[in-house]
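Okay, structure first, notes after.
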Amino acid sequence: MNNYAIEVNNLCITYKSLQSYSIKKSLLHLKKNESKEIEAVKNVSFSLPKGNIMGIVGKNGSGKSTLLNAIAGIFSPDSGSIDLKGNSVSLLSIGVGFQRELTGRENITLSGMLLGFSEQEIQEKTGAIIEFSELGHFIDMPVRTYSSGMYSKLAFSITAILETNIMLIDEILSVGDAKFKKKSYNKMKELISDKDRTVIIVSHGKETLENLCDNIMWLHDGELKMIGDTKEVLEEYELFMK
Amino acid sequence: MTRFINDVKKYFKYSIVSAKSELKSEVASSYLNWLWWILDPVCFMLIYTFISVFVFKATEQYFPVFTFIGLSMWDFFSRMMNNSVKIIKNNKAIVSKVYLPKYILILVKLWVNGFKMFISFGIVVLMMIVYQVPITLNILYFVPIIITLAIISFGGATFLLHYGVFVQDLSNVVTIILRLLFYITGIFYDVAKRIQAPFGEILSEANPLAFLLKSMRESILYGTTPNRKLLLLWMFIGLVITYLGIRKIYKNENSYVKVI
């Protein structure tokens, strides 16, 4: 089968000596900044067929989010490669980047444009986004006046309605109040089960993963520990975490 | 280079829409806000005119307009510099969620501050009518002068954007340097006349801002032709700085997120 949507080869990402420094500090202490290298992702390779749904598990700090960020193009790999085969990609995580002074409506336009949609496409979908987000008249108020629930509702709605070929989901399956939670979960399921969409989910929720994913990748300290069938990997992972 | 052109094409609309929303939200947050875009330079013009005319006995023709042109262009430049030092941190929400070429953020500021500058040049026009300044064809140099100013500001901003990410207290340093520049640029006096020869001449040509200010005044106030060769040279230098800055950003932009 040659119909891959994502191919990752020997991906390594390090956080190294990239701490910011201040002129004042370096004038006062002339000693060298000890630069620690943290390898967040080590030599990870995998490929994901089109339409596949993969979950990523691993304890906190094992490089899951870093991997997602890299696939979304926010980090560049220090070595290795990520090939998305020209697919559009969006990263869905709690609290998408909004500009706090702007209204919800403007933020929809701006976020949409950043995701690579044309102004016209966004205009067509703005109505649906507003409706889904249930924000009502708040949509024309600055985002800074939103409650955290409203904020994440809007964030979710934008990425859910403006669909991309590849969706990266970083723990988001519960947003807002009970009613919206259910609604967003259903929407999420609908989006994920679309045959043409490739999805990667980072989650700690066993049930979510069992219900949604075709296969699971287990990251441990940045290394790929296991990848394969959902049930097998989850069982191993459960055992390991005990 | 081709990547730059493609990226600008791709994100051009975004930068315009983003700049529009920013201006709109500035207006929306208080009724008087857009008035401040005008009031601010007008008040400073009055202060400097008072000090220069009454205290230092300045004799420049059309002195208030002279100062106002200086302030309009200076405000644009200093806003660009101040904005870009912290631009990545201030846009953390965006930068850490999607990829965009980071200098697009500067482009947004270029439109925002450029718009404000044009409003204040509107006042320059009004003042010129009031003072009955004779207009010559030299006024057309307005366009290349503004373009050069924009290019130089953009180039400077790219470097500040880059180092602003890694150097925490860069903004303090920038504030001091800007203050120094403000005084030696001759916003409210004529550098070439007031500073002893030959330093005055040198300062008014080796400092791009002083030179652009001088050229602008020559072309729209005094009806003379600015130094075309030097203008072209500064435009070229601006382009080189911009090129280097953008190359630097492309090389490093993906690590910005790891630092902030």
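The values are calculated or read from the model by the stated rules, or taken from the named source; none is laboratory data. This is a predicted model, so every value here is computed, not measured. Positions of Cβ are generated from backbone atoms using ideal geometry, with glycine treated the same way; all protein chains shown enter the neighbour counts.
In table form, for the structure just shown:
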item	result
Residue match in region B:237-246 (condition: modelled with pLDDT of 85 or more, surrounded by 15 or more Cβ atoms within 10 Å (Cβ to Cβ) and not in a helix (DSSP H, G or I))	no
Residue check, B:K24 surrounded by fewer than 20 Cβ atoms within 10 Å (Cβ to Cβ), within 14 Å of another protein chain (Cβ to nearest Cβ) and over 30 Å from B:G223 (Cβ atoms)	yes
Those helices (runs of 4 or more DSSP H) lying entirely in region A:83-189 with at least 1 residues closer than 28 Å to A:S203 by Cβ and in contact (Cβ under 8 Å) with a residue 60 or more places away in the chain	A:148-161
Test: B:F66 is more than 14 Å from every other protein chain (Cβ to nearest Cβ), aromatic (F, W, Y) and in contact with an Asp or Glu (Cβ under 7 Å, 6 or more places away or on another chain)	yes
Filter result for B:G122 (under 26 Å from B:I87 (Cα atoms) and either more than 17 Å from the chain's Cα centre (by Cα) or away from every other protein chain (no Cβ under 14 Å) (or both))	no
For B:W234: the one exception among (1) away from chain A (no Cβ under 14 Å); (2) over 20 Å from B:I69 (Cβ atoms); (3) in a helix (DSSP H, G or I)	(2)
Tally of residues being in a strand (DSSP E or B), within 15 Å of the chain's Cα centre (by Cα) and surrounded by fewer than 18 Cβ atoms within 10 Å (Cβ to Cβ) across region A:45-82	0
Residue match in region A:101-109 (condition: within 14 Å of another protein chain (Cβ to nearest Cβ) and of a type in the set (K, R))	yes
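Each row is one residue, and each column tells you yes or no for (1) within 13 Å of chain A (Cβ to nearest Cβ); (2) buried (at least 22 other Cβ atoms within 10 Å of the Cβ); (3) in contact with a Cys (Cβ under 7 Å, 6 or more places away or on another chain); (4) under 21 Å from B:A206 (Cβ atoms).
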{"residue": "B:F154", "(1), (2), (3), (4)": "no, yes, no, yes"}
{"residue": "B:F159", "(1), (2), (3), (4)": "no, no, no, yes"}
{"residue": "B:I176", "(1), (2), (3), (4)": "yes, no, no, yes"}
{"residue": "B:K193", "(1), (2), (3), (4)": "no, no, no, yes"}
